[in-house]
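Asks: Mind looking over this structure? Questions follow.
The values are calculated or read from the model by the stated rules, or taken from the named source; none is laboratory data. None of the values given here were measured: they were computed from a predicted structure. Here the Cβ positions follow ideal geometry from the backbone for every residue, glycine too, while neighbour counts run over all protein chains shown. Note: accessible area is taken over every heavy atom of the protein model, side chains too, but ligands, DNA and RNA are not part of it. Shrake-Rupley method; radii C 1.70, N 1.55, O 1.52, S 1.80 Å.
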Amino acid sequence: MRLLIMGPPGAGKGTQAAILAERLGIPHISTGDLFRANLANNTALGQEAKKFMDAGEYVPDSVTNDMVRDRLESDDATSGFLMDGYPRTLAQVAELDEMLADSSIDRVLVLSADTDAVVARLLHRASEQQRSDDSEEIIRHRMNVYSEQTAPLIELYAGRGILVEVSGLGAVNEVTEDISNALGL
Ligand code: AMP
């Protein structure tokens, strides 16, 4: 099973992706987590990514694509994965298509949520996790970047007939249930 999970910042992608990947026995590959791990280990890639993450911008493709390519080449990803936070641009879609070559994505799950609800959620997370990209101004900017650069991917994947959309608002277990039903799990 090769799955992508998309949605605006704060829709609950990371939480649901972790639950789903565990249930399906496939690796949860989160580009945000990979960047944060690089940052925690103080790697050159982490230092480079930090500038963009702190500003609420996307990390350049020259950095992001190679990181994803490396991760997909790991043994545990050969029979399936749940990709969280990639692709985020039309250019990244083309890159992923090329990386997967003969195999393809089975489903793209969109967790939808309205802006005010996710801003409130993210401000709450900011106070709990002290993420440096979670101030209100940066959050609003990240929402705009999402609308401009990532939301168009929804239509693209819908056109391929593999899109599944579920509301990300509600209790975690209810959203998980809705996702399972929508994916026929
Ligand atoms: P996330 O945890 O998925 O919200 O990602 C946190 C931040 O990492 C984003 O705001 C971006 O700065 C960066 N990031 C994650 N995934 C990507 C991607 N596919 N392309 C560019 N930047 C990304």
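Asks: Kindly evaluate residue 125 against the criterion of being open to solvent by 50 Å² or more (accessible area, probe 1.4 Å), not polar (S, T, N, Q) and not in a helix (DSSP H, G or I). Working first, answer last.
Replies: On the way: open to solvent by 50 Å² or more (accessible area, probe 1.4 Å): yes; not polar (S, T, N, Q): yes; not in a helix (DSSP H, G or I): no.
Considered against the rule, which asks whether it is open to solvent by 50 Å² or more (accessible area, probe 1.4 Å), not polar (S, T, N, Q) and not in a helix (DSSP H, G or I), residue 125 comes out as no.
Asks: Now a separate question. Within the bounds of segment 55-69, is there any residue that is of a type outside the set (Val, Ile, Thr), touching a helix residue (DSSP H, G or I) at 6+ places or on another chain (Cβ under 8 Å) and at positive phi? Show your work before the answer.
Replies: In the first step, residues of segment 55-69 are kept if they are of a type outside the set (Val, Ile, Thr); the result is 55-58, 60-62, 65-67, 69.
After this cut, where a residue has to be touching a helix residue (DSSP H, G or I) at 6+ places or on another chain (Cβ under 8 Å) as well, the list is 55-58, 60-61, 65, 67, 69.
If we keep only those that are at positive phi as well, we get 56.
Yes, segment 55-69 contains at least one residue that is of a type outside the set (Val, Ile, Thr), touching a helix residue (DSSP H, G or I) at 6+ places or on another chain (Cβ under 8 Å) and at positive phi.
Asks: Let me ask you something else. Out of the residues in segment 94-115 meeting the condition of being closer than 15 Å to residue 7 by Cβ and open to solvent by 70 Å² or more (accessible area, probe 1.4 Å), tell me which one is modelled with the lowest pLDDT.
Replies: Of all residues in segment 94-115, those closer than 15 Å to residue 7 by Cβ come to 107-115.
Filter once more, keeping what is open to solvent by 70 Å² or more (accessible area, probe 1.4 Å): 107, 114.
Numbers: 107: 97, 114: 89.
My answer is 114.
Asks: When residue 85 is evaluated against the numbered criteria (1) on the phi > 0 side of the Ramachandran plot; (2) small (Gly, Ala, Ser); (3) modelled with pLDDT under 95, which criterion, by number, is the only one it fails?
Replies: (3)
Asks: Which residues, taken from segment 62-93, are open to solvent by less than 60 Å² (accessible area, probe 1.4 Å), among the small types (Gly, Ala, Ser), within 14 Å of the ligand (Cβ to nearest atom) and part of a helix (DSSP H, G or I)? Explain how you work it out, then say what you get.
Replies: We begin by selecting, within segment 62-93, every residue open to solvent by less than 60 Å² (accessible area, probe 1.4 Å); these are 63-65, 67-68, 71-72, 74, 77, 80-87, 89, 91-93.
Of the ones still in play, those that are also among the small types (Gly, Ala, Ser) are 74, 77, 80, 85, 91.
From what's left, within 14 Å of the ligand (Cβ to nearest atom): 85, 91.
Residue satisfying the conditions is 91 alone.
Asks: If I filter segment 94-117 down to residues being more than 15 Å from residue 12 (Cα to Cα) and in a helix (DSSP H, G or I), which single residue comes out as nearest to the chain's Cα centre (by Cα)?
Replies: Applying the filter and picking the extreme gives 96.
Asks: Here is a follow-up. Could you give me the residue pairs with C-beta distances under 6 Å whose first residue belongs to segment 86-110 and is over 19 Å from residue 185 (Cα atoms) and of a type in the set (Val, Ile, Thr), whose second residue is modelled with pLDDT of 95 or more and within 14 Å of the ligand (Cβ to nearest atom) wherever it lies, and which are 6+ apart or on separate chains?
Replies: Taking only residues 6 or more apart or on different chains, the pairs are 89/149; 93/87.
Asks: May I pose another question? Looking at residue 132 and the list (1) open to solvent by 30 Å² or more (accessible area, probe 1.4 Å); (2) within 13 Å of the ligand (Cβ to nearest atom); (3) at pLDDT 95 or above; (4) touching a helix residue (DSSP H, G or I) at 6+ places or on another chain (Cβ under 7 Å), which single condition is not satisfied?
Replies: Status for residue 132: all satisfied but (3).
Asks: Given 36, 23, which one is outside any loop (DSSP other than H, G, I, E, B), open to solvent by 50 Å² or more (accessible area, probe 1.4 Å), within 30 Å of residue 178 (Cβ to Cβ) and within 9 Å of the ligand (Cβ to nearest atom)? Show your work before the answer.
Replies: On the way: 23 fails: within 9 Å of the ligand (Cβ to nearest atom).
Step by step, each of 36, 23 is checked, and only 36 is outside any loop (DSSP other than H, G, I, E, B), open to solvent by 50 Å² or more (accessible area, probe 1.4 Å), within 30 Å of residue 178 (Cβ to Cβ) and within 9 Å of the ligand (Cβ to nearest atom).
Asks: Here's another thing I want to ask about it. For segment 39-60, how many residues are in a helix (DSSP H, G or I), open to solvent by 70 Å² or more (accessible area, probe 1.4 Å) and within 11 Å of the ligand (Cβ to nearest atom)?
Replies: Counting residues in segment 39-60 that are in a helix (DSSP H, G or I), open to solvent by 70 Å² or more (accessible area, probe 1.4 Å) and within 11 Å of the ligand (Cβ to nearest atom) gives 2.
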